[in-house]
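Chemist: My questions will all concern the structure given below.
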Amino acid sequence: MDISNQKHFLTVTDYSVSKEIFDLYHNEELDMLITSPQPSLDILGKYYESVDYISHTDSKRSLFEKMYHFVKSIALKNKLNLINSQQPNKGSILDIGAGTGEFLSVARQDGWKTIGVEPSDKAKAIAKNKGVSFVEQTSELESHSFDVISMWHVLEHVPDLNQQIKELKRLLKPNGTLIIAVPNFKSFDAKHYGKFWAAYDVPIHFWHFSKTAIKKLFQKEEIQLVKILPMKFDSFYVSLLSEKYKTGKMNFVKAFFIGLQSNLKAKKNFEYSSHIYILKNN
């Protein structure tokens, strides 16, 4: 997306890897933020080379990682309940950005036909040990072949956003369900931490979505937003990382209260730290 006519929103730093500085620009029509500059694909991988990039490991070295994986285990049950509520007859599911495969593993055990896409060889190797199957690219998959497609905190990482949405449309069955989870830059914790908000996660987060942005982007491909759900744990996790970026250490008590405050405010304005968007193919 062109940023030449977009308003500058914030200057932020890549705290986790490169310490490089990036700018966020606000697209007023979509109400979304765009990271600039966006790294080219040939150098993008280096920005993922952080020992703290938890989604590509099953490691439980620290208290933080143990907490993350405990919350993750609860979230897995919620995710499974969600897809079963949308498609009670089960069927086929594609998880894009499948990470170490926990979600597809539990879905497969529950009777779903599963396939994943994951660029990280390290994460994919862990997932394969759990019986998860992969394709290298979604272009290998047949059109209109999935009852459910999920992207759990993945859409913000996709370089070509419009092409990705077109590909999701191609892969979904008629009346298929698309589940997208992304951070919300309009949440209280985002506003509180500002340039230190960990979910900006530049430059590997190319895009920063609002509810309006998700609705409008998918409407273009005749995929309708039908429901929005909160991800209440995210405010605590993101606040903890944000405290580390802001002060140099993880302040569990402060992060807990900011996370709690964010969720309480979101009860009124429904601007949680992250949202799950449920969309239906028309």
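Chemist: Give me the helices (runs of 4 or more DSSP H) completely within segment 164-282, filtered to those with at least 1 residues that are touching a strand residue (DSSP E or B) at 6+ places or on another chain (Cβ under 7 Å) and surrounded by 18 or more Cβ atoms within 10 Å (Cβ to Cβ), ordered by residue number.
Modeler: 211-219, 234-247, 252-269
Chemist: Still on this structure, please answer the following. Based on what the data block shows, is ALA127 surrounded by 15 or more Cβ atoms within 10 Å (Cβ to Cβ) and either in contact with a Gly (Cβ under 9 Å, 6 or more places away or on another chain) or not in a helix (DSSP H, G or I) (or both)?
Modeler: Yes; evaluated as a whole, the condition is true for this residue.
Chemist: Right, another one. Among the residues of segment 215-234, how many are free of Cβ contacts under 8 Å to residues at least 24 places away in the same chain and either touching a Leu at 6+ places or on another chain (Cβ under 6 Å) or among the small types (Gly, Ala, Ser) (or both)?
Modeler: Matching residues across segment 215-234 total 1.
Chemist: Which condition from (1) modelled with pLDDT of 95 or more; (2) more than 16 Å from PHE233 (Cβ to Cβ) is the one that LEU82 breaks?
Modeler: Failing condition for LEU82: (2).
Chemist: Let me ask another. Would you check if there is a residue in segment 227-246 being modelled with pLDDT of 95 or more, under 13 Å from ALA181 (Cβ atoms) and over 16 Å from the mean Cα position of the chain (by Cα)?
Modeler: Yes - at least one qualifying residue is present in segment 227-246.
Chemist: Can you name every residue in segment 85-96 that is buried (at least 16 other Cβ atoms within 10 Å of the Cβ) and at pLDDT below 95?
Modeler: Matches in segment 85-96: GLN86, GLN87.
Chemist: Run down LYS124, LYS72 and say which single residue is closer than 30 Å to THR35 by Cα and modelled with pLDDT of 95 or more. Give the derivation first.
Modeler: Numbers: LYS72 fails: modelled with pLDDT of 95 or more.
Exactly one residue qualifies, and that residue is LYS124.
Chemist: Please identify the pairs in which a residue from segment 74-95 that is within 15 Å of ASN281 (Cβ to Cβ) has its Cβ atom under 6 Å from the Cβ atom of a residue that is basic (Lys, Arg), counting only partners at least 6 apart or on another chain.
Modeler: Note: pairs meeting the criteria are SER92/LYS113.
Residues checked against (1) touching a residue at least 40 places away in the same chain (Cβ under 8 Å); (2) in a loop (DSSP other than H, G, I, E, B); (3) under 19 Å from TYR193 (Cα atoms):
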position: MET1; (1), (2), (3): yes, yes, no
position: ASN5; (1), (2), (3): no, yes, no
position: SER16; (1), (2), (3): yes, yes, yes
position: ASP23; (1), (2), (3): no, no, yes
position: HIS26; (1), (2), (3): no, no, yes
position: LEU33; (1), (2), (3): yes, no, yes
position: GLY45; (1), (2), (3): no, no, no
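Chemist: Among the residues of segment 97-121, count how many are surrounded by fewer than 13 Cβ atoms within 10 Å (Cβ to Cβ) and not in a loop (DSSP other than H, G, I, E, B).
Modeler: Result for segment 97-121: 2.
The values are calculated or read from the model by the stated rules, or taken from the named source; none is laboratory data. Quick caveat, the model's predicted, so the values are computed rather than measured. No Cβ is skipped: glycine too gets one built from the backbone with ideal geometry, and neighbour counts run over all protein chains shown.
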